[in-house]
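Since every read-out is calculated from the coordinates, none of them should be taken as a lab result. Quick caveat, the model's predicted, so the values are computed rather than measured. Cβ placement follows ideal geometry from the backbone for every residue including glycine, while neighbour counts extend to all protein chains displayed.
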Amino acid sequence: MHPNKIAPMAVETPVNTRAIQELDAAHYLHPFTDSKALASQGSRVMVRGEGIYIWDSEGKRLLDGMSGLWCMNVGYGRKSIADAVYAQMQQLPFYNSFFQTTNVPAVQLAAKLVEISPPQFNHVFFTGSGSEGNDTIIRMVRRYWDLQGYKDRHVIISRHNAYHGSTMAGASLGGMSGMHEQGGMIAGIVHIGQPYYLEGGKDKTPEEFGLEAASWLEQKILEVGVDKVAAFIGEPVQGAGGVIVPPSTYWPEIQRICDKYGILLVADEVICGFGRLGHWFGSEYFGIKPDLMTFAKGVTSGYVPLGGVLVGDRVADVLIEKGGDFNHGFTYSGHPVACAAALENIRIIQEEKLVERVRDDTGPYLKQKFETLADHPLVGAADTCGFVAGINLVRKKAANVHDCVSFDAKLEVGMVCRSHMFNNGMIMRAVGDRMIIAPPLVMTHAEIDEMVALIRACLDATLTDITQRGWM
Ligand code: PXG
């Protein structure tokens, strides 16, 4: 080995935190991370998970309010998923689905996904991730229009502050300017404003604002030209953008506009799918009927990577009847081990009635408890939707949320708050000054109480800290 390199080592128990941090800094480039800054500070080394908790290498327990990364729907430590994966690995660890072959778990999972999804879905395309799912969406909708002779109908309309992944297609569909600046964008993707009431709804009711935000789609269709627009894509609730829950009028109006112009409606269900909003899919919560749905994350609860696209009959009929070869697919499309994990994960969700629990019991309970945080001096607004929730940190509260006074963005109060959360055993994500959670769907009432009390204590610690810094 070259003398400049650090030797890999056997992992000790207990884990040698410093040694792992040094190797981490030396070799591991983390996603969406300033590697230089992280190297000077040292990563937190996660070593174990059970239920809604994870432990780091120093033995500290954290309540995982983010379900890993919006995915650990059935909670950590499910032996039956590990067993299903182990059994499949011994039986058939891999085979591809390219050359007139298939495998049993992939077929069973496709049938299961059709069973739990809305009636227009009868076909599934498997990928390895949500980003690959959205790449598939672009290629599939363009192919759909090409096959019908509409070669110009290639433009996809998305939204600012949307997140659709990190491949070229995912980043281009997404509405994150920081991503567009690095590596550019795929042609033929345009963006409209997001339905964020706190941002754009001043002097309007949420319902009025929802209609206005949807009208931006119609304006964009007319601007681009009806004969050029292939599809509209959106997350039912924007996740990474900060848990942006659109007003109730928004999605039905989007559906009406898509129907009026005949453009395909694509729901990116990577976060909202598999029970997160108290329905199998977020589209059902909002009462819309998408033509295509991207899924990932909750399909396996993150135990093994898997993603894909549920293909509605409108698209599937054209692709299958007129299409011939669809020149698209991945080595790991329909990976038997990932599909086995998904089947067991979905079996758990059904057996424990997690979707119904979030809809009828724990979701409403979380709403009731979480929204009590609105009385905290730092909180301008607190809202939930199923098992996602967010609070806006403000310098000065007001009766009308639009009159609250924000912090100077440069202070990065959200990051300060996130540190207090982490140091006190609570994982909550900061998006600007909005603090968000997406907890495991297995949470009990007692665990919700514990989480909300912990968040309040961390908000208190944040308030004391920033008051001492003179920021209030
Ligand atoms: N669509 C949506 C709606 C997502 O949330 C993806 C697609 C991409 O999935 P993959 O499996 O390719 O990562 C996502 C992923 C965050 C964060 O900071 C969110 C995601 C990924 C990374 C970070 O909240 N969501």
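Here are the numbers for this structure:
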read-out: Within the chain, helix-based [θ] at 222 nm, where runs of 4 or more DSSP H residues each add -39,500 (n - 2.57), nearest 500; value: -12000 deg cm²/dmol
read-out: Beta bridge orientation in region 208-336: antiparallel %, DSSP, nearest 5; value: 40 percent
read-out: Near-label residues of region 429-456 by backbone N, under 12 Å of a point 7 Å along Cα→Cβ of Gln368; value: 445-446, 449
read-out: Debye log10 I(q)/I(0) at q = 0.13 Å⁻¹ for region 79-351, Cα point scatterers; value: -0.84
read-out: Per-peptide average of other Cβ atoms within 10 Å, ordering 63-71, 37-45, 375-383 highest first; value: 63-71, 375-383, 37-45
read-out: Whole-Hz couplings from phi, Karplus 6.51/-1.76/1.60, listed for region 34-49; x for Gly and Pro; value: 7, 4, 5, 5, 5, 4, 6, 9, x, 6, 8, 9, 8, 10, 7, x
read-out: Count of lysine pairs in region 289-432 with Cα separation under 23 Å (8 or more residues apart, or interchain); value: 9
read-out: Kirkwood-based Rg to Rh ratio, the chain, C-alpha trace; value: 0.97
read-out: Three-way shape label, region 47-103, alpha-carbon gyration tensor, a/c 1.5; value: prolate
read-out: Proximal charge balance of Asp268 [Cβ under 15 Å; K/R count +1, D/E count -1]; value: -3
read-out: Rounded to 5, percent antiparallel among DSSP beta bridges of region 79-351; value: 45 percent
read-out: Whole-number Å³ per residue for the convex hull built on Cα positions in region 220-336; value: 141 Å³
read-out: Helical segments meeting 30 Å axial Cα length and Kyte-Doolittle -0.5 threshold in the chain (DSSP H); value: 445-468
read-out: Listed peptides 399-409, 108-118, 17-27 by packing density, highest first (mean Cβ within 10 Å); value: 108-118, 17-27, 399-409
read-out: Highest average packing first - 82-93, 309-320, Cβ atoms within 10 Å; value: 309-320, 82-93
read-out: Amide H contacts under 5 Å for Val379, placed H, 5+ residues apart; value: Val394
read-out: Taking the chain and dividing mean pair separation by its residue count, relative contact order in percent (alpha carbons under 8 Å, at least six apart); value: 19 percent
